Structures are given as C-alpha cells and as structure tokens.
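The values are calculated or read from the model by the stated rules, or taken from the named source; none is laboratory data. The structure displayed is predicted, hence computed values, not measured ones. With ligands, DNA and RNA removed, areas are computed over all heavy atoms of the protein, side chains included. Shrake-Rupley method; radii C 1.70, N 1.55, O 1.52, S 1.80 Å.
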Amino acid sequence: RREISDLSAQIMRLNEMQALSDDARRVLNRTRERELLRKAIEEDIASEDWDAAMVLVNELAERFGYRVDAEEFRERIETARFQTVDRRVIEAVGSVDRLITQLRWEEAFGEAGRVTRLYPDSPRVEGLRHRVEHARSRHKMDLERRFLHAAQGEQHDEALALVKELDAYLTEDEAEPFREVAGGVIGNARENPGGQFKLAGQDRAVGGAADEGHRG
C-alpha cells in the first residue's frame, strides 16, 4: 500500500509539473540549480579549492544573476584563503627558525628559498634568507669571541673544541688572524699530558692551525 501511495504522489507531482507554464518550470529549475551551485561552492571552500570555488561563484553571478550571494561567497573565500595561506606561511617560517636553532644552515637556506618561492606575496617571507644569513653570521661571531676568550684564559680544552667548530665557518682569509692563537692553544695543550690524547683527533683546525702548532 505504501508503494502504491508513493507512486500516486509522484504521478500527482508529475501532473502538477506538466500543468505548470514554461516560465514556472524555469523558475523552479533555477531555484534547484542555484541550491546545487551553492552546495558545490560550499564543498570547494571546505576542501580549500579556492580557484574552483571562484569559478562557480562567477557562474552564480553571471548566469543566474545572484550577485549578492556571489559577493558574500567571494568575501568568504578571500578571507578563508588568506587565513589558510597565512597559517601555512607561519608554519613554514617556523620550520626555518627551528633549522636555525639547530645550526643546520644549508637546510635552513634551502627551506627559506622554498618558502619564498611558494609564498612570494606574503610579507612574512620577506628577507627570510637574510634572516638565515644573519643568524649564521651572529653564531660565527659568537664562536670567534668565545674561542678568543677561552684561549686568553688558557681554557685549552674549550678553546680546542671551539676552534674545531669555528673551522667550518671560516674561509682561508678569515682564518688567518686566528692561526697564531690556535697554534698557541695547540702548543700549550700538547705540553699538558691531559690534552695529548685529544690532540690526536685534531686533524685540521681553523684552516691549518694544527700545522702551525706542529711547526711551533
């Protein structure tokens, strides 16, 4: 009985549709199409497919004439796009900062370049590679300061550890001012029986400071 009742209801709706004028059917169809279009736009927004959503919004305005609806969707899309992209930029910049903290300079430079290419319009990425370079320079200067301080204070173990780390940051020309100091540190440490074992692994320091120590 229920199936018969449902069938009868469908037949009645069909008869009603047939009785409608062409204009009335077009209005009903436009309403349904509008709702389908709005639903599709909502789905694109939810999936963060901004470009596809904008295409449908233009369709909503130009084809169906729902310009107020279209403008509301445009504002929503632009706001959501900005917030999403900004969140991703913040996360990406944070990854660069973590690499800086870990002193992983090559990876930090690479990540800074990638982030800058991905989000060229974001003000958050301006000068990102410079930030990495500046952090590296500050760390290098700190190593130099600490090395000289340790050498002057005859803290030989600390000075040797620092000169080995500093070696990775200096060019041959930059290393020149440190050669004599490093040679003195190595010579003093060699005279100290406790430091001789550690010197065995000190193959190179500040672009050849170890050789200076041997010649001294």
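Where Rh is the Kirkwood radius over the Cα pairs of region 27-137, the temperature 20 °C and the viscosity 1.002 mPa s, what D in µm²/s does Stokes-Einstein return?
131
Ignoring ligands, DNA and RNA, what percent of the 1.4 Å accessible area of region 38-153 is carbon and sulfur?
50
Average the reciprocal distances over every distinct pair of alpha-carbons in region 113-158, invert the result, and give the Kirkwood radius in Å.
Over region 113-158, the inverse of the mean reciprocal pair distance is 12.9 Å.
Compute the accessible area per residue over region 91-167, keeping the other protein chains in place, probe 1.4 Å, unit Å².
61
Along its three principal axes, how long is region 96-136 when you only count alpha carbons? Whole Å, largest extent first please.
That gives 28, 15, 13 Å along the principal axes, largest extent first.
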